[in-house]
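Below: the structure, in structure tokens.
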Amino acid sequence: MASPENKKLIEILWRNHPGESSYEVMKNSVDKMRANMVQMTRRFTPAPDTKVEEISAGGVPAEWVIASGADSERTVLYLHGGGYVIGSPETHRGLADRISSACGARVLLLDYRLAPEARFPAALDDALASYRWLLREGVRPERILIAGDSAGGGLTLATLAALRDAGDPLPAAAVPISPWTDLEGSGDSVETRKAIDPMVEIGGLLGMAKLYLGDADAKHPLASPLHCDPTGFPPLLIHVGDYEILLDDSTRFAERAKAAGVDTTLEVWPEMVHVWHCFAPMLPEGQQAIERIGQFAKEQWL
């Protein structure tokens, strides 16, 4: 049974639910949505002794987020969520700090380009550039883990596919959190979880997909990694909440990955919402999920 804090969180989220949306609403609300996300995440700040340093990672703006005691020989490349339209290091700095602490690793929090100013595959190009920069800086691939939430979770998987196809050395493992793997929104959970998901609404989600894709095909395997071949991927830990309309984005990808021989751990957390990890300061299950990521990372880095 989920915690009382989770029940309270869901009530708050429903009170602030934006209602049904569309591409036109998304297109005309980008600046407002970006500001709202900054406001919503403002309370989730890093610990006072966490080091935050702005850098350029292969030409891509980024931040090092390094919790106290983190091992500089271990690196998490983190790709934030936000539908490829909103989000930034500012909105995800607190989450990156907690992941750094749990994993005992420094986190490279990427400020990749967003749509509609930069459409597909700009975000992917930036993720690839930053990973290759880490390699050029002497970071061993077996000491790198790629992680991301929502759109960043899908981008995590697309990055693995693009690296593999290009012959680049792959990281030790990856952690997609509530990943958005299907930009068509074709999963059954879009309907079966509609009445219990207080965060994600399909009209708005598809609007963001259109802003990101432009004229690209929603089934392009590097835009919707549900359609990619995951053969050869490193071990995966996939987290998803049972209350998410994107539940099937995780379950279907996990099935494909397992069928391709990938060491895949899918964890469906009961009664959890989209990227509940972000609410760790007020949600016990959020901190527990982050600690689980830390456990997984350390197992891969043995």
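The values are calculated or read from the model by the stated rules, or taken from the named source; none is laboratory data. Since the structure is predicted, the reported quantities are computational estimates derived from the model, not experimental observations. For neighbour counting, all protein chains shown are included, and Cβ atoms are generated from backbone atoms with ideal geometry for every residue, glycine included.
Could you list, in sequence order, all residues of the stretch 214-239 that are crowded, with 24+ Cβ neighbours inside 10 Å and either small (G, A, S) or in contact with a Cys (Cβ under 8 Å, 6 or more places away or on another chain) (or both)? Once the filter is applied, which keeps residues that are crowded, with 24+ Cβ neighbours inside 10 Å and either small (G, A, S) or in contact with a Cys (Cβ under 8 Å, 6 or more places away or on another chain) (or both), the stretch 214-239 yields A223, S224. Taking helices (runs of 4 or more DSSP H) as the structural unit, those lying wholly within the stretch 15-114 and holding at least 1 residues that are surrounded by fewer than 16 Cβ atoms within 10 Å (Cβ to Cβ) and free of Cβ contacts under 8 Å to residues at least 40 places away in the same chain correspond to 30-41.
In the list L302, L283, L266, L211, which residue meets the criterion of being within 30 Å of D168 (Cα to Cα), crowded, with 19+ Cβ neighbours inside 10 Å and either among the aliphatic types (A, V, I, L, M) or at pLDDT 95 or above (or both)? Spell out the reasoning first.
Details: L302 fails: crowded, with 19+ Cβ neighbours inside 10 Å; L283 fails: within 30 Å of D168 (Cα to Cα); L266 fails: crowded, with 19+ Cβ neighbours inside 10 Å.
The unique qualifying residue is L211.
Of the residues L237, L206, the single one that is closer than 18 Å to S186 by Cβ, of a type in the set (A, V, I, L, M, F, W, C) and in contact (Cβ under 8 Å) with a residue 60 or more places away in the chain is L206. A Cβ distance below 6 Å, combined with a sequence gap of six or more or placement on separate chains, defines the contacts here; from the stretch 177-195, residues that are more than 22 Å from H277 (Cα to Cα) reach residues that are assigned to a helix (DSSP H, G or I) in the pairs L183/A209; G185/I202; G185/L206; G187/D248; G187/D249; D188/D248.
Scan the stretch 115-158 for residues that are free of Cβ contacts under 8 Å to residues at least 24 places away in the same chain and among the hydrophobic types (A, V, I, L, M, F, W, C) and jot them down. Those that are free of Cβ contacts under 8 Å to residues at least 24 places away in the same chain and among the hydrophobic types (A, V, I, L, M, F, W, C): A118, A122. G82: on the phi > 0 side of the Ramachandran plot and under 13 Å from the mean Cα position of the chain (by Cα), yes or no? When the stated conditions are applied, G82 passes them. Only helices (runs of 4 or more DSSP H) whose full extent lies in the stretch 187-302 are considered here, and the ones with at least 2 residues that are under 26 Å from D126 (Cα atoms) are 202-213, 247-259, 284-300. Filtering the stretch 150-169 down to residues that are small (G, A, S) and part of a helix (DSSP H, G or I), which residue is surrounded by the fewest Cβ atoms within 10 Å (Cβ to Cβ)? Restricting to residues being small (G, A, S) and part of a helix (DSSP H, G or I), the top hit is A166.
Hey, among T231, T251, which residue is β-branched (V, I, T), at pLDDT 95 or above, out of contact with any Gly (no Cβ under 6 Å at 6 or more places or on another chain) and within 20 Å of E142 (Cα to Cα)? Lay out the reasoning, then the answer.
Numbers: T251 fails: within 20 Å of E142 (Cα to Cα).
Of the residues listed, the single one that is β-branched (V, I, T), at pLDDT 95 or above, out of contact with any Gly (no Cβ under 6 Å at 6 or more places or on another chain) and within 20 Å of E142 (Cα to Cα) is T231.
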